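Participant: Following this message is one structure expressed as structure tokens.
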Amino acid sequence: MQKTLKSNIEDDNTQLLYLEDVKKYFDVSDRIFSRKKEYLKAVDGISLKVNKGETLGIVGESGCGKSTLGNLIMGLLKPTEGKILLEGTDLTTLNAKHLKKKRSEFQMIFQDPFSSLNPRMRVFDIIAEPLITHKIVKGKELEQRVLNLMEDVGLDVSYSDRFPHEFSGGQRQRIGIARALALKPKLIVCDEPISALDVSIQSQILNLLSNLQRKYQLTYIFIAHGLPAVKHISNRIAVMYLGSIVELTTKDQLFRNPMHPYTRGLLSSIPILDPTLRGNKQNNLIEGDIPSPVNPPSGCKFHNRCPFATDKCKEEIPSFTEREPGHFVSCHYSIFDL
């Protein structure tokens, strides 16, 4: 019997974060020319868990709702429906005061390291700010904590009096990582933290994040639109399409046995540098444009781009079920049927 994801994640003491049927709809109605309500369904009923100490990668095309989901987890957006529980505490029910107190347990690394740093603050003050705000340490202890964090992320402590514009993109992202680490959080949401960096720097930041995870016993949610980066750092990968998760499994299972046609399309889009291997690559490239999240397709949201779609796909929403241990897929058919 196939199991749904929700039935498989309740009462699990290994989980740090639990999302239950989370939705985020933005009202995009034209109040001048139309009385009809229209909503952009950025996140449309996501349930998942994040285990303690793991890295859960979230991948998908631009506009699929990845960053919105990250902002919901961080409390930067309030969900339209659903629960977001961090070790049993529903973050969606907390008022501003209690959310601020709880926020020391979860932090974020932003996509653009330049715009996420205050240009008028020196590096020392940027890293020290969360420690001061939450009244964790002060005086000499504060100074030592900040310098230790700079060393941990590979920054020369002599740079502590410099401003963000005096650093390279990779160095600025290291400052952002140090700031996220300052409160010793349990969870860090990494919102495409390498997409704005040079290719030569991306691997350095990924390796740094992996090393810090071991040192600080961190749990990551790593958001990206490229599968190679997600594969490098993640334990499990969730594939998103039009606000929903269509496949969720370990990175090894996903690359060895992708079960959703959309996942197979994403894997086909990864360039192969060795020309001798290109002929062995199966062509499952995704055709067509992403439908509007304001008017998503009926039934399976992917059916208008799926080469295997049937009338059933157009009419019925597929359930998110476990096809093999730990491998969840939202598709009417198994890989052997396609």
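The values are calculated or read from the model by the stated rules, or taken from the named source; none is laboratory data. It should be emphasised that the depicted structure is a prediction, and the values quoted were computed from it without experimental measurement. In this analysis, Cβ positions are derived from the backbone assuming ideal geometry, glycine residues included, and neighbour counts consider all displayed protein chains.
Participant: Among Thr133, Thr68, Thr89, Thr80, which is the only one that is among the β-branched types (Val, Ile, Thr), farther than 16 Å from Ile177 by Cβ and buried (at least 18 other Cβ atoms within 10 Å of the Cβ)? Give the derivation first.
Facilitator: Numbers: Thr133 fails: buried (at least 18 other Cβ atoms within 10 Å of the Cβ); Thr89 fails: buried (at least 18 other Cβ atoms within 10 Å of the Cβ); Thr80 fails: buried (at least 18 other Cβ atoms within 10 Å of the Cβ).
Every option except Thr68 fails the conditions.
Participant: Identify, please: which residue in the range 213-230 is surrounded by fewer than 19 Cβ atoms within 10 Å (Cβ to Cβ) and either over 13 Å from the mean Cα position of the chain (by Cα) or part of a strand (DSSP E or B) (or both) and is, among those, modelled with the lowest pLDDT?
Facilitator: So the residue we want is Pro228.
Participant: Pick out, from the range 74-188, the helices (runs of 4 or more DSSP H) lying fully within it that include 3 or more residues that are of a type outside the set (D, E, K, R), out of contact with any Lys or Arg (no Cβ under 8 Å at 6 or more places or on another chain) and touching a residue at least 60 places away in the same chain (Cβ under 8 Å).
Facilitator: 169-181
Participant: Going through the range 136-150 one residue at a time, which ones are crowded, with 16+ Cβ neighbours inside 10 Å and either at positive phi or modelled with pLDDT under 95 (or both)?
Facilitator: Passing the criteria: Ile136, Val137.
Participant: Return the residues of the range 231-263 that are of a type outside the set (Phe, Trp, Tyr), outside any strand (DSSP E or B) and surrounded by fewer than 22 Cβ atoms within 10 Å (Cβ to Cβ); say none if nothing qualifies.
Facilitator: Lys231, His232, Ile233, Asn235, Lys251, Asp252, Gln253, Arg256, Asn257
Participant: Can you tell which of Leu5, Leu17 is closer than 27 Å to Thr93 by Cβ, crowded, with 16+ Cβ neighbours inside 10 Å and at pLDDT below 90? Walk me through it before giving the result.
Facilitator: Values: Leu17 fails: at pLDDT below 90.
Every option except Leu5 fails the conditions.
Participant: Considering only the range 20-60, how many residues are touching a His at 6+ places or on another chain (Cβ under 8 Å), modelled with pLDDT of 95 or more and either surrounded by fewer than 16 Cβ atoms within 10 Å (Cβ to Cβ) or among the small types (Gly, Ala, Ser) (or both)?
Facilitator: Residues meeting the conditions: 0.
Participant: Now a separate question. Is it fair to say Ala182 is over 19 Å from the mean Cα position of the chain (by Cα), at pLDDT 95 or above and crowded, with 22+ Cβ neighbours inside 10 Å?
Facilitator: Judged against the criteria, Ala182 is a match.
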